[in-house]
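Quick notes on the structure that follows.
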Amino acid sequence: MAATSRQSSAPTAKRAAIEAALLDATEALLAEGASFADLGVERIATQAGITRTAFYFYFADKRELLMALTADVNELLLEQANLWWSGEGEPAVRLERALTNVARLFGEHAVLLKALGEVAAYDEQVAEHWQRLIGQFLEATEERICEEQAAGLATCSNPSATAFALTWMTEGVLSQQILQLGLPADPQLIDALVEIWVRSVYGSA
C-alpha cells in the first residue's frame, strides 16, 4: 500500500473488513453526488458503520484513506492486466480479455478513480501516489515487451517508450470514456485498443 502511516503491511481480517466497509461507504457517498473534497471523516465513518475514533485508528486522514482505497483497486486492475503480462497464448486474445476486465473494473470503481484524479490535480502527495500506481503498469508492460522480444515475438524498437505510450493512452481513453463521460467501454472501443497494442508491440493485428 502506498500510504506510509498505516498500522501494518499485512492487514488482519478485521482491518480488511474495515477497509472493505470504508471502500463501499466512500463509493456510495460519491455515487450520491458528494465530492471527495466535501466528504468529512465523520460522514464516511458513519456510512461505514464505524466511529470517527475507529477511523483514525486505521487512517491519519481521508487523503490517506483515498490513497489506500485506490491502491486496493489498483491491485485488482493489476491482476487483470496480468492476463497479458504472464499469460500464454494468442496475444490479441489475452489483451482483449485483460483490457475488457480492466475496463469493467474502471466502471465498477469509477467514482473512486474519478475522485483520485480530481484530488491529484491539487494535492501533490496524491498526485505522486497516482504516478506510482501507473508506474506499476509501466514497469510490468515494459518487462513483458522485453520478454516478447527475447522470444522473437515483439517487433517494437523501444520497449520503454512503447510501454509508456500504450499505458498512458489506455488510462486516458478509459478515463475519458468511463470516468468523465460516464459511458461503458463498449466492445468496439476495446477492439480498437487491442489493435493498437498488438500493432505497436507485435507489428501486426
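Descriptive notes on the structure:
- Subset tally (residues that are among the polar types (S, T, N, Q) and surrounded by 13 or more Cβ atoms within 10 Å (Cβ to Cβ)) for segment 120-158: 5
- Contacts under 8 angstrom Cβ, first residue in segment 146-158 being modelled with pLDDT of 95 or more, partner assigned to a helix (DSSP H, G or I), 6 or more apart: Cys146/Pro159
- Residue within segment 58-81 that is modelled with pLDDT under 95, of a type outside the set (Gly, Ala, Ser), in contact with a Pro (Cβ under 9 Å, 6 or more places away or on another chain) and more than 21 Å from Ala120 (Cβ to Cβ) present: no
- Scan of segment 172-185 for residues that are farther than 15 Å from Leu95 by Cβ, touching a residue at least 12 places away in the same chain (Cβ under 8 Å) and either of a type outside the set (S, T, N, Q) or touching a Cys at 6+ places or on another chain (Cβ under 9 Å) (or both), ordered by number: Ile178, Leu179, Gly182, Pro184
- Failed condition for Thr155, given (1) outside any helix (DSSP H, G or I); (2) more than 18 Å from Pro91 (Cα to Cα): (2)
The values are calculated or read from the model by the stated rules, or taken from the named source; none is laboratory data. The structure displayed is predicted, hence computed values, not measured ones. Glycine also receives a Cβ, built like all others from the backbone with ideal geometry; neighbour counts cover every protein chain displayed.
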